[in-house]
Amino acid sequence: MSYEQYQKDIEAILKHLAIDTFSLLGFSDGGIVSYRLAARFNTKVEKLITIGSQWRLEDNDPSIEFLAHVTPNDWRDLFPDSVAYYNKVNPQPDFDRLINEVKSVWMDTAHSGYPSSDIRNIKCPTLIMRGDNDFLFSLQEAVELVEQIDNTTFMNIAFAEHEAHKECPQICSSVIQRFLTEE
């Protein structure tokens, strides 16, 4: 598992469906993959929207220590419904392995991970959104990202955390709709 592999999976789907141009909306990990796709296919991506999505992970990032200590039991305690769904739909569930694989994706500082400086290749109009209290994607990181991509709009959503689109769906959907319909 890696962000690069997720990117390749989406590229294969786009190719199979013969989709030449497209817009992307990604939340968290999906936004990281969307940055990678928009940087690689900068002439094919019409618009890019990300919510709560980091763009880099430096070796000294404080989230590395936080993520390194996340355990499968922590996840079970915090997200019991998600764990139950995972176990239900997988013929051979191995939740502990899944969490360890996901953690390696989150902490990947190699080229297979976050897009980092490649984001400068993004050429499409971009909307970057984050909850004001997002503990994974700081305001400082968001501001630095906005400075790296031309033609970017930024929205910080008051009173929201990492899942701002779930916490404030009316606000997010109206802004996303306006962004997508603007010329």
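The values are calculated or read from the model by the stated rules, or taken from the named source; none is laboratory data. Note that this is a predicted model, so its numbers are computed, not measured. All Cβ positions, glycine included, derive from the backbone under ideal geometry; neighbour counts span all protein chains shown. Accessible surface is based on the protein model in full, side chains and every heavy atom, while ligands, DNA and RNA are left aside. Shrake-Rupley method; radii C 1.70, N 1.55, O 1.52, S 1.80 Å.
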With DNA, RNA and ligands ignored, accessible area of residue 44 (1.4 Å probe; Å², nearest 10): 80 Å²
Potential lengthening between residue 135 and residue 17 on full extension [0.36 nm per residue; Cα-Cα distance subtracted]: 38.8 nm
Per-residue ³J(HN,Hα) for the range 88-95, Karplus 6.51 cos²θ - 1.76 cosθ + 1.60, θ = phi - 60°, Hz, x for Gly and Pro: 6, 8, 9, x, 9, x, 9, 4
Residue 47 long-range amide H proximity, modeled H, under 5 Å: 23, 24
Within the accessible area of the chain (1.4 Å probe), percent carbon and sulfur: 51 percent
Cβ charges +1 (Lys, Arg) and -1 (Asp, Glu), total dipole of the chain, debye: 620 debye
Neighbour net charge for residue 121 - beta-carbon separation under 13 angstrom, K R +1, D E -1: +3
Amide hydrogen neighbours beyond the local backbone of residue 131, cut-off 5 Å, H modeled: 52, 157, 164
Computed lengthening from residue 42 to residue 159, 0.36 nm per intervening residue step minus Cα-Cα distance: 38.8 nm
Pairs of Cα atoms farther than 17 Å apart, the range 87-144, %: 62 percent
Label point distance in nm, residue 79-residue 111, each placed 7 Å from Cα along Cα→Cβ: 3.0 nm
Estimated vicinal HN-Hα couplings, Hz - the range 138-143 in sequence order (Karplus 6.51, -1.76, 1.60; Gly, Pro = x): 6, 4, 4, 4, 5, 4
Percent RCO, i.e. relative contact order, over the range 1-139, from Cα pairs under 8 Å lying at least 6 residues apart: 36 percent
Potential extension, residue 29-residue 104 segment - 0.36 nm per residue separation minus Cα distance: 25.7 nm
Degrees between helix 29-40 axis and first principal axis of the chain (Cα, 0 to 90, nearest 10): 40 degrees
Karplus-derived HN-Hα couplings along the range 157-167 (A = 6.51, B = -1.76, C = 1.60, θ = phi - 60°), whole Hz, x at Gly and Pro: 9, 4, 6, 10, 10, 5, 8, 4, 5, 8, 6
Label point at residue 144 placed 7 Å out along Cα→Cβ; residues across the range 106-125 whose backbone nitrogen lies under 17 Å: 107-111, 113-121
In Å², nearest 10: area of residue 75 left accessible to a 1.4 Å probe: 70 Å²
Gyration tensor verdict on the range 120-183 (Cα atoms; rounded if a/c is under 1.5, prolate if a/b is larger than b/c, oblate otherwise): oblate
Largest-first principal axis extents, alpha carbons of the range 1-90, Å: 42, 37, 20
For residue 153, distant residues with modelled amide H under 5 Å away: 126, 127, 128
Prolate/oblate/rounded label for the range 48-132 (Cα gyration tensor, a/c 1.5): prolate
Highest-fluctuation residue, 146, 89, 105 considered, GNM on the chain with Cα pairs under 10 Å: 89
Of 126, 152, 71, the one that fluctuates the most in a GNM where the chain has Cα springs shorter than 10 Å: 71
Centre separation in Å (Cα based) which lies between the range 1-67 and the range 68-114: 19 Å
Counting all C-alpha pairs of the range 30-183, share separated by more than 26 Å (%): 33 percent
Peptides 46-52, 111-117, 61-67 ordered by average Cβ neighbours within 10 Å, highest first: 46-52, 111-117, 61-67
